[in-house]
Amino acid sequence: MSKTKKFDRRDFFRGTAALAFTGAAWGAVGEKTEGTVWQLDPNKCTQCGRCTTHCVLNPSSVKCMNQFNICGYCDLCFGYLQPGSRARGTGAGDQLCPTAATKRAYIEHPYYEYLIDEDLCIGCAKCVNACLVFGNASFYLQNRQDVCINCNECSIAKACPSDAWSEVPASQPYIYLTGDKSTTI
Amino acid sequence: MKEPVRRANHPWMVGLSVAAIGAAYFFLLGNSDFPEPGPNLTYDIETYAKLDEVETRYEETGLIVPDLEEPEALAIGPGGRLYVAGLNAVAIFGEDDTEIARFNTNGAAKCIAVAQDGTVFLGFSKHVEVVGKDGAVQAVWPDIDPRAYLTSIAVLEDDVYVADAGNRVVYRFDREGSLLARIGEANPAEDIPGIEVPSPYLDLALNDEGDLWVVNPGQLGLERYRSDGSIVTSWYKPSVVKLEGFSGCCNPTHIAFSNDGKLITSEKGLVRIKVYDVTSGEFEELVAGSKLFPREQSLKDLVVDAGNRILVLDPRKNAIRIFERKEDDHGSTS
Amino acid sequence: MLEKREFEKSDFMWRLSTAVTVVSGIFSVIVFVLLAVNYLQIRAVDPIDNEMITQMRIEYSELPEQDDALAKRIEELDLLTRKAFFASQNHLRVGAGLLLVGVCVFLIAFKNMIRWKPELPELAEVPTADREFLAYAQSRRLITWGGVTLLAGGLLVSLLTESLVAAPAAAGLNASSAQVTLDGGVDGIEPPIAVAKEYPTWDAMQLNWPSFRGPGSSGQAHFTNAPLDWDVEEGRGIRWKAEVPLPGTSSPVVWGTRLFLSGADEQTREVYCFDTETGELRWKRTLEPFEDTPAESPFVNAETSYAAPTMVVHGDQVFAIFSNKDIVSYDFDGNLVWGRNLGISDNHYGHSSSLLAYGGLIYVQLDQVEEGKLLALDAPTGETAWVKKRDWISWASPILAHTPYGVQVILCSEEDVDAYDAASGKLLWSQDCLGGEVAPSPAYSNGIVFAANEYAMASAIQLTGSADAIQTEILWEYDNLLPEISSPVGDGERFYFATSYGELVCLDAASGEEKWVEEVSDAGFYSSPVLVGDRLYILDKEGTMYIVRAGAEYEEIATRAIGEETFATPAFMDGRIYVRTTAHLYCIE
Amino acid sequence: MMKTKLAILVLGAVLLSATGAGAIELKFPPPDFQTPYGLPDLYNPPPAAGFGWWDTVILFGALSLATWFVFKSRSRRGLFLLSIFSVAFFGFYRRGCICPVGSTQNVMAATFIPDVGVSAIIVSFFVLPLLFSLFFGRVFCASVCPLGAMQELVAIAPIRISPALERVLGLGKYLYLGLATLGVATGAGFLICRYDPFVGIWRMGHSFNMLLAGGAILLLGVFVARPYCRFLCPYGVLLGWMSRFSKWHLDIPPSPCVSCRLCEDSCPYNAIDMPTPEHLVEDPETGKRRIRAYVFLSPAIILAGAFGGYMMHEPLSRLHPTVQLSERVAAEDLAIYQEEILESETFRAGDQTTAELHAEALAIRGSFKKGGAWLGAFMALIICLKLIGLSIVKKRDIFTPHKETCFSCGRCYPYCPVEEAGATT
């Protein structure tokens, strides 16, 4: 094509197309221009364990968290101990977590604090399920936004059998447990 | 005319190999090979749930569906009538399980007890209200404190026992609402271990002899107190691997006494209804196993009525399920 | 200029880069293989997802006493697995990095290898008068073919994929979500009182003759006062005799004062209701074709007939099925409640399995060559409550057994005897003991299931174990004489059956010992024996009723002739016998 | 380890209270501790600080640089180095998310589905390459797109594919675009992301199959250059359309062509059109008749395509997870499968009834009827346009890059003998 300095009819169409095109795209932005991030709704979570296996990251960006204000601080914590654990000890025979990511610290009689070492946690939801069934459901899974690389189509969301994953506004990147599932909130 | 040109490489072979790799590509991505989480990554509770799949001498014989929003608590009143407290109302059921009366309340009662004279004591989250036989509010006791979370109430003559899960304590009030005693607080001098309440379940019950039995859910057992707050006896039965024990971190959630003095308990987690000998703590038999109840949702209340029927308030159905001893233990019932 | 080097060639550089290419290529392949192996290893045995450790923990928790050694072992294994987990993670990371580097080196070397290749690109002399034009023409052809392939492929795929969720089927599947609730509920959550409609209990069924061979197809009559003496020719003891419009080998069923019967020929399928007092035909209904009813009836064997399966009465409805798999339900007054076709028959003698009903469900044993299934239909609507896949063909009818482990539907097939939970359809047990074409139903009595067919074995299957884990074991086997069509019956102590050659056989239930064998009929038995108290009633093919003592010793009580060819099994109700011959219906009193 | 975590805890707490998400009313109070133990705050780290608008700025910069390399410095080497940067930055460092290719779906989702928004940054990712394409040709593909750059880097020993094969395989990208649009419009998901060849490689992980698929495409790419771009890339369709009307485009040679055909030989993409010969092999009338026939037939072809697409609605609808689940549940109910899978197990444990699920699946399938017909019509239209386009022989005097299919990769630059003269003068 020969380069021409003249602004011809083609150029006019081209310019119009570019404008219309950009305008339409900006129109598509609509009201919601805020960025979104992926998060799972613990109220819908069924602890299937796929967060561990289906994340593009290894280990998964989904970790267990303890919401302390609904934690019972139990001595006999089912999220921490094997169901039939002999002692309320810290031995592998008694511990539930397959990676020993749950840490137990004595506060005062009869209360213990439970923290999650997120470097070890693989998000298998074993403790979450236990705490939900037997305890207060203070353990639950959340997608750690500092670890998550926020794929355009989240691989876990696609595999989630209970539709618990959705895109949430980046300004409110966590979803708390409410209503029925938790006994206390 | 001939011209030098690089010949295209075998179009068919190239086409087929491109198509084959394309097909393999879509096949591979369409069948992502993520492994499903295995046994050590999943919480297997079925092993323990199976423990209660045993023959029982009880069967479910009926269902009462109260016309109430959010039914929360049950009580048996004089004449064997069943009182069901729900949101803003209490419904009263007669002998044939039909509603015979109701009165309105103000809010969601968490627990209910009915005195022999028909006076109703309603425990709300933080305070108690006294309602006369006629349904008129006789007294509204002041809020106990901001931490209060009342879960159970019982009346014995002039004493009103109220369980407060928030403060981990049982109060004894007189019928006017003055506090007479605080029961169950840790006191090493008197060998009172203290009631541990990890979750909002704390129940108490009075048997026919007037003994006060209080659940110590964190210890998975029961404690018997005198009215002055001194402890008489206690027994604890934690075990997930045996049906005889209470499972979980905090059980039983509800207790009641049958007409022959047996202790009926209900648990959360693996929801089971069981019968114990209250003095020895010996497990006697299973009434209903966890298969019959939704997991993750505890029963809301448990009472035994005049006909020795065990009534439980099922949160999934918002209805009262009735369990009875089978008339004929071995005969066919179908 | 840099670009100019593109055309420089160097033998040395070529050799060097070739060597690097080969080395880095081999290196990359090795790393890739190692990575793949590592990955597959983790897939196969994820160290952290170790079943052994789970097992050990359970074991540990269930021990009566503290076992420090085991605790230590668990601890060690746990540490080991976690180490292995993190080590393998590390390997993957390092491996991926190495692979990346290897591939980069390979690519650079390969690029250089080509660049320094000591030859110029080969250009062929291609005779092309008008290359572009030819390319265009070829492109048009290929694109046309591509489009046609897309369209054809698409249509083919759409024809080949059959959705299970079609609009009408979706309605039918409706029922499966609301599973019929019986005996405490299938899912354990619904209350037992939620059964909307009243269905006869086991006991109520005993007082009637609701299905083939009586209640639950047990072959046992509740009423023991069946007549002993009658004479067809003289009319003695014959309360009434009625003509049955269309033929069929199906047997009569009776509820109260109504007797129901089905009859069919190749074109027409009919259901009859007779008055048991007078023999009057109260009503007759001819089936209209349903939506999927095939235009032509599938082939049936002459001895099978187009109306071989016996009807069933359940609640206030009657149900009939025919050889073309039309199933229909009428109320007692003959009003159509529902009807449907259950699909193509793939059965070389014709469908012959009789219906059975319990607790609001109608059981249809559709054993055939392909896509055999056991269906439970919701009685009021006819919708499928549940379906169980069946692997083998058979012509046998199911029975209902009231076992200590609950009510079971027991089926015989070409290979095995299978029992399903009557309410949920859960397969409770399966015993491989049959072989060849099987027509006799099994018999159940006193915890033992007896199944037999010609060309195989007669087997007694003892049920043991607990309700949720029923065990079966073959108690004994017997193969001296075997039934071909006629179904066996048991009285708790003994099993009785009749052969097509006319023998009656009595076996000890506990040991399988042959108690007695009598060759009583020349015609042979197709109809099944029925236990009436301590007597056994059986009709042979020529219509002679043999009445013998059901006991350890053979004792002939009476032989009475009906005098017409019979295939059907009579119904026994309170002092009466209803006999269907090929042409008539008799009420004997 | 624990100490740093606690430090983050405090940080998280500040953020949490700032956003107000921590305000939860408790009915049942936590224990009343006697020892001075304060309830730890929730550890909820904010999203990893993204680049935000910097991503857009870098994309713009890369596009400008690529344009400069293509038009001003005419440097294949520059483009090559930029490719390495794009692979390293957009690919490995930014992990390939979000890329302009995938952004197509976000924009489509915002267009088709009410209540779905798309952030301005994503829109800028979608629009910028297209605008550049509208003015300068596919400079984005040349060395900015990490997918394209990756394939460009590995295309070392490209073989020559016959143009006809190239064209018919090229239909794949239209089909892919159509399917991706259908996937977005019906809520089946983001197919382009699901079948992205390099996601696994950017993340050095993901499923083995995905890595294998990416590896297969790369391996193929060594010999068949840019297979994804040429035969699959749905965004490439849009870029191609834009590029067709581009104001400026890479051209060879800048000064009079000597018709040495070296450039044609250098291009592995069949993207350089040769000069038309003086005489025509075919009678012009035949050609005109052919065009008339195609134009006349195209409505019928499009209708046939629409019909075919409509017929395909059932298999197509299985792209949707709800339909998949519904089919699975139905099959389980019919005892075709004896085992439940996690999805059906979860469904059965939930509140929704089977009938509701099937009804929902049927409704979704209904939307696939319309969508399938549109898809079929679109494919038929593309085929018609291709056929008509292939019937028109344009007059050309010199070797010219095809504006739609040329990736502006600059491979031909070093081959053109005139190039140097042009560059130096």
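For C:D11, the accessible surface of its heavy atoms amounts to roughly 80 Å² (probe 1.4 Å, protein chains only, rounded to the nearest 10).
Can you tell me, using C-alpha contacts under 8 Å and at least 6 residues apart, the relative contact order of chain C as a whole percent? Intermediate values should be presented prior to the final figure.
Details: 1306 pairs, mean separation 64.4, N = 589.
Worked out over chain C, it gives 11 percent.
Along the charge dipole of the range B:33-137, which of B:L51, B:G123, B:L74 sits closest to the positive end, that is, farthest toward it, with unit charges on the beta carbon of Lys, Arg, Asp and Glu (+1, +1, -1, -1)? Most positive-ward Cα: B:G123. Quick check on chain D: take the gyration tensor over C-alpha atoms, sort the square-rooted eigenvalues as a ≥ b ≥ c, and tell me if it's rounded (a/c under 1.5), prolate or oblate. It comes out oblate by the Cα gyration axes.
Solvent-accessible surface (1.4 Å probe) assigned to A:W26 amounts to roughly 110 Å². Sequence-distant contacts, meaning Cα pairs under 8 Å at least 6 residues apart, place the relative contact order of chain B at 13 percent. Relative to the longest principal axis of the Cα atoms of chain C, the long axis of helix C:167-177 makes an angle of roughly 70 degrees.
How large is the charge dipole for chain C, taken about the Cα centre, if only the Cβ atoms of Lys, Arg (+1) and Asp, Glu (-1) carry charge, to the nearest 20 debye? Provide the component values of the computation, followed by the final result.
Numbers: 42 positive and 85 negative charges, 679 e Å.
The calculation lands at about 3260 debye.
The GNM of chain B, with springs linking C-alpha atoms under 10 angstrom apart, assigns the highest mean-square fluctuation among B:V130, B:V160, B:V18 to B:V18. With 29 Å as the limit on Cα-Cα distance, the pairs of C:K9/D:K395; B:K50/B:K326; B:K317/C:K426 that go past it are C:K9/D:K395.
Annotation for the range C:21-72: GluC sites (Glu not before Pro) lying in DSSP loop with at most 16 further Cβ atoms inside 10 Å of their Cβ are C:E65. Inter-chain Cβ neighbour count for A:169-178, averaged per residue, equals 4 (cutoff 10 Å, partner chain atoms only). Burial of accessible area (probe 1.4 Å, heavy atoms of protein chains only) in the range B:23-41, relative to its chain alone, reaches at least 30 Å² for B:Y25, B:F26, B:L28, B:L29, B:D33, B:F34, B:P35, B:E36, B:P37, B:P39, B:N40, B:L41. Considering only D:G170, D:G287, D:G350, the Gaussian network model of chain D with Cα springs below 10 Å gives its largest mean-square fluctuation to D:G350.
Going down the list A:K103/C:K72; C:K241/C:K325; C:K117/D:K72; D:K247/D:K394; D:K173/D:K394, which pairs span over 27 Å between their C-alpha atoms?
C:K241/C:K325; C:K117/D:K72
In this label model, C:Q55 and B:N31 are separated by 3.0 nm, measuring between points 7 Å along each Cα→Cβ vector.
Scanning chain D for GluC sites (Glu not before Pro) in DSSP loops with at most 11 neighbouring Cβ atoms within 10 Å leaves D:26-277 as the longest stretch between them.
Taking the Cα centre of the range C:3-115 as origin and charging only Cβ (+1 Lys, Arg; -1 Asp, Glu), how large is the dipole, in debye to the nearest 20?
Working: 13 positive and 15 negative charges, 242 e Å.
The calculation lands at about 1160 debye.
Kindly identify the range C:173-588 as rounded, prolate or oblate by the Cα gyration tensor criterion: order the square roots of the eigenvalues as a ≥ b ≥ c, call it rounded if a/c is under 1.5, otherwise compare a/b with b/c, prolate if a/b is larger, else oblate. Present the calculation step by step, with values, prior to reporting the outcome.
Numbers: a/c = 1.44, a/b = 1.08, b/c = 1.33.
Rounded, since a/c falls under 1.5.
In chain C, the longest principal axis of the Cα atoms and the axis of helix C:68-115 are about 50 degrees apart. Packing, as the average of other Cβ atoms within 10 Å across residues, places the peptides C:153-165, D:219-231, D:133-145 in the order D:133-145, D:219-231, C:153-165, highest first. Hydrophobic, long helices, defined as DSSP H runs whose alpha-carbon span along the helix axis is 24 Å or greater and whose mean Kyte-Doolittle value is at least 0.5, occur in chain D at D:2-19, D:163-185, D:354-389. When a/c is below 1.5 the answer is rounded, else prolate if a/b is larger than b/c, else oblate, so apply that to chain A with a ≥ b ≥ c taken from the square roots of the Cα gyration tensor eigenvalues. Prolate shape, in that a/c is at least 1.5 and a/b is the bigger ratio.
Which value at 222 nm does chain C reach when only helices count, each DSSP H run of 4 or more adding -39,500 (n - 2.57), with the total divided by all residues and rounded to the nearest 500 deg cm²/dmol? Rounded to the nearest 500, the figure is -8500 deg cm²/dmol. Between the amide H of B:L156 and those of B:Y161, distances stay under 5 Å, these residues lying 5 or more places away or on another chain, with hydrogens modeled in the peptide plane.
Using a probe of 1.4 angstrom, how much of the accessible area of chain A is carbon and sulfur, in percent?
With neighbouring chains kept in place, the figure for chain A is 56 percent.
Angle between the Cα long axis of helix B:11-30 and the longest principal axis of chain B, 0 to 90 degrees, nearest 10? Taking Cα atoms only, the helix is inclined about 10 degrees.
Within 10 Å of each Cβ of C:152-158, how many other protein chain Cβ atoms are there on average? List each step's numbers first, then the result.
On the way: counts 1, 2, 13, 4, 1, 5, 10.
Other-chain Cβ atoms within 10 Å of each residue's Cβ, averaged: 5.
Using heavy atoms of the protein chains and a probe of 1.4 Å, the accessible area assigned to C:V20 is about 60 Å². Chains A and D together bury some 5400 Å² of accessible area, summed over both sides, with a 1.4 Å probe. Peptide C:49-61 has a mean of 6 when you count, residue by residue, the C-beta atoms of other protein chains within 10 Å of its C-beta.
The values are calculated or read from the model by the stated rules, or taken from the named source; none is laboratory data. The structure displayed is predicted, hence computed values, not measured ones. Ideal geometry is used to build each Cβ from the backbone, glycine not excepted, and the neighbour counts take in all protein chains shown. In case anyone asks, the SASA skips ligands and DNA or RNA and just uses the protein heavy atoms, side chains included. Shrake-Rupley method; radii C 1.70, N 1.55, O 1.52, S 1.80 Å.
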